[in-house]
Structure formats: C-alpha cells, structure tokens
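Student: Sharing a structure here in structure tokens format.
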Amino acid sequence: MSSTLSTLLVENRRYEPSAEFRSQANVSDARVYGEALGDPIGFWEAWAKQLDWFEPWTTQLEWKKPFARWFVGGRLNACHNCVDRHVANGLGSKVALIGEGEPGDVRAFTYAHVKDEVSKIANALKAMGVKKGDRVCIYMPMIPELPFTMLACARIGAAHSVVFGGFSSESLYERINDAGAKVVVTADGGWRRGNVVPLKKIADEALASGCPTVTKVLVYERIGEGAEFDRGNWTEGRDLRWSETVDTASTDCPCEPMDSEDLLYILYTSGSTGKPKGIMHTTGGYLTQVYATTQWVFDLKPDDVYWCTADCGWVTGHSYIVYGPMANAATAVVYEGTPDTPDKDRFWRVIEKHKVSILYTAPTAIRTFMKWGEEYPERCDLSSLRLLGSVGEPINPEAWVWYQETIGKGRCPVVDTWWQTETGAIMITPLPGITATKPGSATQPFPGIKAVVFDESGGDVTPVQGALGFYREHAPAQGPERGGILAITDPWPSMLRGIWGDQERYQNVYWSRFDDAYFPGDGTKVDEDGYFWLLGRIDDVMLVSGHNISTMEVESALVDHPAVAEAAVIGRAHEIKGQGISAFVILRAGSAPSPSGEEAVRLAAEIKEHVAKKIGAIARPDDLFFCAELPKTRSGKIMRRLLRDVAEGRALGDTTTLADPSVVAALKEKYESSES
C-alpha cells in the first residue's frame, strides 16, 4: 500500500442536536474533551469510582507496552456491580431484562429476580466443580438465561467464553479446547425463522471430537417436548437438566471478590491465519469503560427501554446488552429470533410492543430494512424512539440518512460507533447532546481516547481538528484532509489484555506495525473538523491504477443510487490497472431483483456513472453484477474474500462461517454464466 489511502467520497450533510435533546442530554458541554485530555487517567478514575469496589486500588495505571493494568490492587465483582448493588440501592423492583422469544413468548425480570436466577446458576456451576479461574463455555440461544449465565460466571470468578449459537460443531470444538473449558452450558435448541436450531446435538458433535477438559454439560430446556427435532444424545453423569439442577439450587451465593485485572471473559474472533483469537478482557478497566460509554453515548436515562439487537455471541452483546447497560441499571430488551419472522416488521413490532426508546443495531440490518421497503416500519408506532445507534462496520451515508429519517422520523440523533472485540468498548462516537453528526462518520474519539491517522511508514498525518478535536496544534503540509491507517496511541481501560495462550501473537498482530501505537487494522480519513471516517479493513483496500481506494467508499456511492439497497465491492486482477473494481449490487424493493437483457445493461451503466459522478472516474466499477443476496457471516459481515474468489474464478475458500453457504455457490454459478 502507498503512503495514504485515496479518500474520494464527499459528504457535506450535517445534523445538529436539537435544542430539546441538548437541554436534557447527559453531556451538554464540549469541555469534557479538554478535561479528559488534560488528565486522561484521572478522567477514567472518576468513572471507576462510581462503581462498587470491595477494596480500593493503589495504582491507577501500570503501562508496560503492550500490556496495561488498570486500577491495580482494587477488588470488585462485575456481577455485583450489574445486579446486587442496584438491589441494595432500592432498584430491585425495576425491570432489568425483557426477553422476547421468536414464537412470541415474553418474560420480564426485575433486578431482584435476576439476582436470584443468577445466584441459582452460580450455585449450580459450583456444584459441578467450577471455581474461580475456571472457564465455562456458553452455547445458547439469545434468551435471558444466556446473560444470566454470563453473570453467574462473573459472580463466582469463572471466566466465560460465549460461542454464538449459529456456529458449527467444528467452531465450537475449537473454542472449547482452546479455552480449556470445564463446563459447557447449552440448550436443547433455539428458534430461528420458525425452525429449531438443535444446539444440544451440535454440542454433542463437538464433544465427540474430543474435549478432554469438559466434565459437565448443563442443558436449558428452551424447546421442551412440544416440537420434533434431533435432541442429540443424553450422556448420564455428564449431562444435567436445567430444571433439575438450576431451578432447585439456592438463591444464596455471595459474589467472589476479584482483582481488577482478573480475567472476566474470553471471546473468540477470527484471525488471518484461520485460527480464532481468544481475546481476553479483565474486570475493572473493562467494566469502567462500558459503564461510562453506555451512559454518555446512548444518553441513557432511568426510564429508557434500551434494545441492542446483537447476540451475546459477539462483543457487542457482552458490552452493550449485559455489562454496560446492567452496570447502569438499564431496562434492556433481549430478542431471540430474526427480523423477518413471522414477517419483515418484527423488529418494529418489538419496538412498538415494549416502547423501546434506544435502538442499537448494525448497518447490514439497516441496509436490509432499506431493501425491504418503508411499508414495514410504517405499519408500527415508533414514536417511543429517541436515539438510534449503529455498530459493526462503517455505515453508508444513505443508509445513515434512511435510518435517521425513516426510523427516527428526523427527531432521533444517530450515534455511529467504531470499536472492536479487542477494544472492548466504544472508542469513536458522537456524544448526542453536543456533536453535530455527518452521515457516514463516527465523528470524534470518546473523551479519554487518543486516536490518530498514520501513513504506511508510521508518520502522523492527522489534520488539524475542530472544536472538539485535541490531537494536533498545527495542520501538516499535506492539506486539510488525509486518509491513512487508524492507530490508538495511549492505553485505555477496556483494552484487550492479550490473546489466550498466545501473547506472542498478541504482540505481532497488534503492536508490531507501529512503534508506539495499537494497530486495529482499519483505514480511516479525518476531515478538517476532526471527524473520523472509517474506511473498513486495510485488507479491503483496492489498488486501482496506483490509487488505494476503500471498498467502503465505493459501496457508499453505490448505495447512494435510489435503486440500490446494498452493495459489496472487491478488487479483482486487472492486466492494465493492477486491480479493477467489481460491484455486487442488491436492488431495493420495487426494483426487479435481478434485471436482465437491455434493462440490466442500462441500469448497470446508470449506476456506474452515478459512482463516477459521486466520487470520481477512478472509482467507476469495471463490472457490476445484480444479485438477490450477498455472502455474509452469521454476524452479518460481508465476506469479500469469497466474492474475490467468485470474480477471479478461483475455487471457493472456507464457507463454514457463512450464515447461508448456498448464497455464494448460487452467486458463483450466476456470475460465471454471465461471463460466458
């Protein structure tokens, strides 16, 4: 890659916080940025002091690159801070979680009720021999018992490793063995699109491959006896029924005092080598930052009903379904199923039913809703919403605007957030009471976070920043806007503490690219106002005629066309340009899903020309292919690697993590037929 990314897309729309929202916002004074800059460690310490500690810390931060230790010597418990302290402070009768199953069953749990349920699970785990420092693998559907089990592990000092309930037995097997889990907690099954996902059967297959550290399997009866599906095998002495083990356990279970740096959880994320990375997060610093960001980024109020649509199998579910909201005594919604069951208005029905006021979802979901059309949200009363959030990948400006205008009706601020499994908590984000937002930009680093833009050689090319910026006193000679590689220069409380069992890999992956900064692997640009525009993974940069062009910018220009709902762009080998641009496009509802003949040629030419006008002729796609679906992982991210395989005629790579492996095979067949 050359020294910087070519930054082509121009977005001038700007949305100021309304006077009404600003007047009630948790943060209404931009001076918080300067105060955090002047004393970042003191800033985080002030947040930590709002939590309950059994013993105070003696040292705020020990930093020996690349290892940080926050609030050293302090002792606390994450479950106590998420549950017990609220009950002790008179909030026991407040609803903590509202669980809605895909079939329509609804259960509400107060904080007092959660304390009892969590304590029973914790006692059941202890009876199975789980003790402080052990690891527990959780493989469950998105039901309240999943966060309860996470909290139960935290309560007794065991680290949890949650595996997404859509992963295969092979993926589960890898994660169980890498973590050395002592117990697996699963369910007989879970509901997805009206069908049962046979979780116990899949867990049995994983264990049959050889998991020597596992001594017990705890099974929650989610489906029960009413449905016919493969329930797997029952192994006496190993397998235990929830109804006979947890439901009969005592509700008396004191919280284990944990050192601030004791392991809270391991969460696996994909690695470039193919072997998943077990990201480690500890207790004190992590809880501090998710607590702070939940309160400020979402402007969380005591009477809010908050819904993060993620699964607890991903870090978003850990930080912004469980630990962040519950540390703030929030009322949160947990939904088991898909947004199109029984119809494509399911998410909007959930919001209407439970009077959701804060919605946090992913750009891929937003683009899907755009594709389905406005008729579905228009069926429902969404007037309870007051703030919208986006997470998971950069959001296209047109998807941002659709979200703000169609779902938020122009009155809800949109907080587009950038962070990672590795960062643990939100890092770049608007503060909705003070930040003027720009569609597609995550805006400013959260107070106390130091983010910069480096060129390929590690030189700082961060432009001068605006009223909320605080990095550079003088603009560099290159001009007011530069693209490059995102880096974090100072330690932050929720940063990963390494990779489980492989600290050498931790240093090589995250700390070898630059001398004194964390390398998250993302490209970005920063504009003259100091706003960050995330451009996606550096791996998703195309080298076209000597220009490094982000796939995200071309995709955003494609989605800007009124007929396009979603797009994926890849660079394919080109004998003249080095790489040419191939675009895969999904059309919005109302357009033909796969136009053919002259209409396909006309529309493809029109869309290509739209891209050229939007961001420049250099970014005009060389070819454009209409499709009904894109290959996505189970977390909703587009697998561009497989699209490159399709475009360049290679054998398809690993498809085991796809939500629907048949999508890419069908796409390959259609692409090849169109080329012939």
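Student: Please determine whether any residue of segment 562-570 is surrounded by fewer than 20 Cβ atoms within 10 Å (Cβ to Cβ) and over 19 Å from T368 (Cα atoms).
Tutor: Within segment 562-570, not a single residue is surrounded by fewer than 20 Cβ atoms within 10 Å (Cβ to Cβ) and over 19 Å from T368 (Cα atoms).
Student: Filter segment 587-610 down to residues that are closer than 24 Å to A365 by Cβ and modelled with pLDDT of 90 or more and give me whichever is farthest from the chain's Cα centre (by Cα).
Tutor: So the residue we want is I607.
Student: Inspect all residues belonging to segment 262-278 and state whether any of them is more than 21 Å from C137 (Cβ to Cβ) and β-branched (V, I, T). Working first, answer last.
Tutor: Of all residues in segment 262-278, those more than 21 Å from C137 (Cβ to Cβ) come to 272-273.
Then drop every residue that is not β-branched (V, I, T), which leaves 273.
Looking through segment 262-278, at least one residue is more than 21 Å from C137 (Cβ to Cβ) and β-branched (V, I, T).
Student: Please go through segment 421-439 and pick out each residue that is touching a helix residue (DSSP H, G or I) at 6+ places or on another chain (Cβ under 6 Å) and either surrounded by fewer than 24 Cβ atoms within 10 Å (Cβ to Cβ) or among the polar types (S, T, N, Q) (or both).
Tutor: T421, T429, G433, P439
Student: Another question, then. So, in segment 398-413, of the ones that are in contact with a Leu (Cβ under 9 Å, 6 or more places away or on another chain) and surrounded by 24 or more Cβ atoms within 10 Å (Cβ to Cβ), which residue ends up nearest to S23 (Cα to Cα)?
Tutor: If we take residues in segment 398-413 being in contact with a Leu (Cβ under 9 Å, 6 or more places away or on another chain) and surrounded by 24 or more Cβ atoms within 10 Å (Cβ to Cβ), then P413 is nearest to S23 (Cα to Cα).
Student: Something else about it: For segment 192-251: of the residues being at pLDDT 95 or above and basic (K, R), which is surrounded by the fewest Cβ atoms within 10 Å (Cβ to Cβ)?
Tutor: If we take residues in segment 192-251 being at pLDDT 95 or above and basic (K, R), then R238 is surrounded by the fewest Cβ atoms within 10 Å (Cβ to Cβ).
Quick grid of which residues meet (1) farther than 16 Å from A48 by Cα; (2) among the polar types (S, T, N, Q); (3) modelled with pLDDT of 95 or more:
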site	(1), (2), (3)
A292	no, no, yes
V305	yes, no, yes
G313	yes, no, no
T316	yes, yes, yes
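Student: Tally time: how many residues in segment 275-295 are hydrophobic (A, V, I, L, M, F, W, C) and surrounded by fewer than 23 Cβ atoms within 10 Å (Cβ to Cβ)?
Tutor: 2
Student: Scan segment 114-166 residue by residue and report those that are out of contact with any Gly (no Cβ under 7 Å at 6 or more places or on another chain), charged (D, E, K, R) and either closer than 23 Å to A206 by Cβ or at pLDDT below 95 (or both).
Tutor: D134, E145
Student: Now a separate question. Quick one: which helices (runs of 4 or more DSSP H) lie wholly within segment 8-72 and hold at least 1 residues that are of a type outside the set (D, E), modelled with pLDDT of 95 or more and within 17 Å of E261 (Cα to Cα)?
Tutor: Output list reads 40-48.
Student: Against the definition (surrounded by 19 or more Cβ atoms within 10 Å (Cβ to Cβ) and either in contact (Cβ under 8 Å) with a residue 60 or more places away in the chain or not in a helix (DSSP H, G or I) (or both)), how does G580 come out, yes or no?
Tutor: Yes; evaluated as a whole, the condition is true for this residue.
Student: Testing S390 on (1) within 17 Å of the chain's Cα centre (by Cα); (2) among the hydroxyl-bearing types (S, T, Y); (3) surrounded by fewer than 23 Cβ atoms within 10 Å (Cβ to Cβ), one condition comes back false. Which one is that?
Tutor: (3)
Student: Please enumerate the residues belonging to segment 119-164 that are under 15 Å from D247 (Cα atoms), surrounded by 24 or more Cβ atoms within 10 Å (Cβ to Cβ) and in contact with a Lys or Arg (Cβ under 6 Å, 6 or more places away or on another chain).
Tutor: A122
Student: If you scan segment 228-263, which residues turn out to be in contact with a Phe, Trp or Tyr (Cβ under 9 Å, 6 or more places away or on another chain) and within 19 Å of E145 (Cβ to Cβ)?
Tutor: Matches in segment 228-263: R241, W242, S243, V246.
Student: Looking at segment 498-514, can you tell me whether even one residue there is closer than 17 Å to K65 by Cβ, under 21 Å from the mean Cα position of the chain (by Cα) and surrounded by 24 or more Cβ atoms within 10 Å (Cβ to Cβ)?
Tutor: yes
Student: A further question follows. Suppose we filter segment 343-368 for residues that are without any contact (Cβ under 8 Å) to a residue 60 or more places away in the chain, within 25 Å of I428 (Cα to Cα) and of a type in the set (A, V, I, L, M, F, W, C); how many remain?
Tutor: 3
Student: Please go through segment 89-104 and pick out each residue that is free of Cβ contacts under 8 Å to residues at least 24 places away in the same chain, touching a strand residue (DSSP E or B) at 6+ places or on another chain (Cβ under 8 Å) and either part of a helix (DSSP H, G or I) or not hydroxyl-bearing (S, T, Y) (or both).
Tutor: G92
The values are calculated or read from the model by the stated rules, or taken from the named source; none is laboratory data. All values reported here derive from a predicted model rather than from experimental measurement. Here Cβ is always computed from backbone atoms with ideal geometry, including for glycine, and neighbour counts include all displayed protein chains.
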